[in-house]
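Only one structure is covered here, and it is reproduced in the block below.
The values are calculated or read from the model by the stated rules, or taken from the named source; none is laboratory data. What you see is a predicted model, and the numbers here were worked out from it, not measured in a lab. Positions of Cβ are generated from backbone atoms using ideal geometry, with glycine treated the same way; all protein chains shown enter the neighbour counts. These area figures cover heavy atoms from the full protein model, side chains too; ligands, DNA and RNA do not enter into them. Shrake-Rupley method; radii C 1.70, N 1.55, O 1.52, S 1.80 Å.
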Number of protein chains: 2
Amino acid sequence: MSRSSTGYHHGDLRRALLEAGAALLEEQAPARVSLREVARRAGVSHAAPYHHFGDRGGLLKAIGDACMGDFLARQEDAAAAEGDPADRLVALGEAYVSFAAERPHAFALVFDPELCPPQDPSPERAPLIARNEDLLAECVAAWLTARGRGLEDLEALSTAFWGAVHGLAALVGEGQLGREQVAPALRALVR
Amino acid sequence: MSRSSTGYHHGDLRRALLEAGAALLEEQAPARVSLREVARRAGVSHAAPYHHFGDRGGLLKAIGDACMGDFLARQEDAAAAEGDPADRLVALGEAYVSFAAERPHAFALVFDPELCPPQDPSPERAPLIARNEDLLAECVAAWLTARGRGLEDLEALSTAFWGAVHGLAALVGEGQLGREQVAPALRALVR
DNA sequence: CGTCGGTCTTGACGGTGTAAAGATCCCGGT
DNA sequence: ACCGGGATCTTTACACCGTCAAGACCGACG
C-alpha cells in the first residue's frame, strides 16, 4: 500500500484524488469541480473515486476539511504574534480575510452548507472548529480586558467580531470589496 | 402580447419563467435551479428560455436582480422607522440578516460572483446598489453624529458595519449561527 | 392574402453524477 | 506453492443537464 502505481492498482489513489481536487479548487468554484475531471487529472477512470469517497459530496467534504485546516493554521500564525491585543485582533481578522482573498474557492467550500454542513461536521473537522472558536474568543477576551472592560459581553462581541471578519472576507472573496478597504475597516472597529 | 396562452405562443413567457425560477430558488440553491426544470414548471419546452434570456446565467441574473430589489426594499422599510440612530442601525442590520435567514438561496444568488458579477452590474441592478450604499452610509452617519463623533471615519465604519451585517447574514444563511445570536451581537457592536 | 419575423418545439451533442457488472491484483490461509 | 476472497479499478449504461441547430407555428404587417 505504498506510492507505486503498478498499472492497475494505483497505490495511493485517495491522496492523489485529494490533491487533484484541491488543485482544481484553486482554479474553479466548488460547484465546478467535477468528479470526472478530478479523476482525469489523477489518471484514473471516472468511477474510481467512488471507492474512496462515497460520492461527489464526500470528495468535496474531504477537500473542505483540508482547507479548513489551512484556514485555521493561518489564523493561528497571525494570532501567535506578540503585541497589543487590539493589533492581535486586527491581525487575526486580516489573516481570515487574506485566506478568502487568496483562495476564494477554498473559502467558499469551507462555508458551503450543502458540501460542508455545519451540523454534524466530520470527526476530522470538529476539533478544528472548536479550536477556531476558542482562538477567536481568547483574542476578543484579551482585547476586552486590555480595555478595562468586563467579560459579560464576550459571547455577543465574539460573534459580532466573527461576523464582521467573515463578512469582510466574504465580500472580498466575492469581489464586492477591494482588499485595501479591509484594514481601515478593521482598525475602525477595534476603535 | 397579453397574458393569453394561445397554445403555441405563450404570451408572457418571460415573466412566467422569472416567476417559476424565483419559486424554484426558494426551494433550492442557485446551483441547483436548472433551466430545464424552470421550463418544465412554466409548461414550455426546455429550449424556450433561450429566446428571452441568452443562457442559464441570463435567467439567474434576472432573477437575482428581482431578489436584489426585494432585499433593498426590506432594508428601506427597516431604516424608515423613527427612533434612535443606534436602533435604526440595528434595525437595518436585522432586516439584512432576516432576508438571508428567510430566503437563503435568494441571498446567496444576489452575492454570487459568477451569476451576479459585482463588476458591471446590469443596468437594472446598478441603481439598487447605489441606493443601498447610500442608505447604509446615511444610517452610519446619523449614528456617528448622534454619538458626537465626526464623519472622518464614515467610509471605514460603513464598510466595517456592512461587513459585520453581511457576515452575520451569511453565517445565519449558512446555518453556522442561530438567528437569536444576531440581535445581541448587533447591539454589542453599536455599543 | 401572402410572407416575414419572432416565438416555441424537436432533436442532437457533449458533459455530469451515479449505479451495476466486470476485470485485475494483493493478501492470507492452507 | 497456490488459490480463493476481497479490495481496487474499469467498463458500460442511464438520467439529467446546458447548449445549439433546424424546423413548426403564429401574429402582424405589407
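Of the residues B:G54, B:G58, the single one that is closer than 17 Å to B:A31 by Cβ and without any contact (Cβ under 8 Å) to a residue 40 or more places away in the chain is B:G58. Scanning the range B:11-50 for residues that are within 11 Å of DNA strand D (Cβ to nearest atom) and buried (at least 19 other Cβ atoms within 10 Å of the Cβ) yields a total of 9.
When you go through B:V165, B:V182 one by one, which is the residue that is touching a residue at least 40 places away in the same chain (Cβ under 8 Å), more than 7 Å from chain A (Cβ to nearest Cβ) and out of contact with any Pro (no Cβ under 6 Å at 6 or more places or on another chain)? Break it down into steps so the answer makes sense when it comes.
On the way: B:V165 fails: more than 7 Å from chain A (Cβ to nearest Cβ).
Only one candidate qualifies: B:V182.
So is B:E133 open to solvent by 60 Å² or more (accessible area, probe 1.4 Å), more than 19 Å from the chain's Cα centre (by Cα) and within 12 Å of chain A (Cβ to nearest Cβ) or not?
For B:E133, the condition - open to solvent by 60 Å² or more (accessible area, probe 1.4 Å), more than 19 Å from the chain's Cα centre (by Cα) and within 12 Å of chain A (Cβ to nearest Cβ) - is not met.
Residues to consider are A:A170, A:A108; find the one that is within 23 Å of B:E180 (Cα to Cα) and either at pLDDT below 95 or within 10 Å of another protein chain (Cβ to nearest Cβ) (or both). Result: A:A170 is the single residue among A:A170, A:A108 that is within 23 Å of B:E180 (Cα to Cα) and either at pLDDT below 95 or within 10 Å of another protein chain (Cβ to nearest Cβ) (or both). When A:G54 is tested against (1) in a loop (DSSP other than H, G, I, E, B); (2) within 30 Å of A:C139 (Cα to Cα), just one condition goes unmet, and that condition is (2).
This table checks each residue for (1) closer than 20 Å to A:A160 by Cα; (2) open to solvent by 10 Å² or more (accessible area, probe 1.4 Å); (3) more than 14 Å from the chain's Cα centre (by Cα).
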residue: B:G58; (1), (2), (3): no, yes, yes
residue: B:I63; (1), (2), (3): no, no, no
residue: B:A73; (1), (2), (3): no, yes, no
residue: B:A86; (1), (2), (3): yes, yes, yes
residue: B:A91; (1), (2), (3): yes, yes, yes
residue: B:S98; (1), (2), (3): yes, yes, no
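For the structure I just gave you, tell me whether A:R36 is within 14 Å of another protein chain (Cβ to nearest Cβ) and near DNA strand C (Cβ under 9 Å from one of its atoms). Answer is no for this residue. In the set (1) within 12 Å of DNA strand C (Cβ to nearest atom); (2) on the phi < 0 side of the Ramachandran plot, the condition left unmet by A:G11 is number (2).
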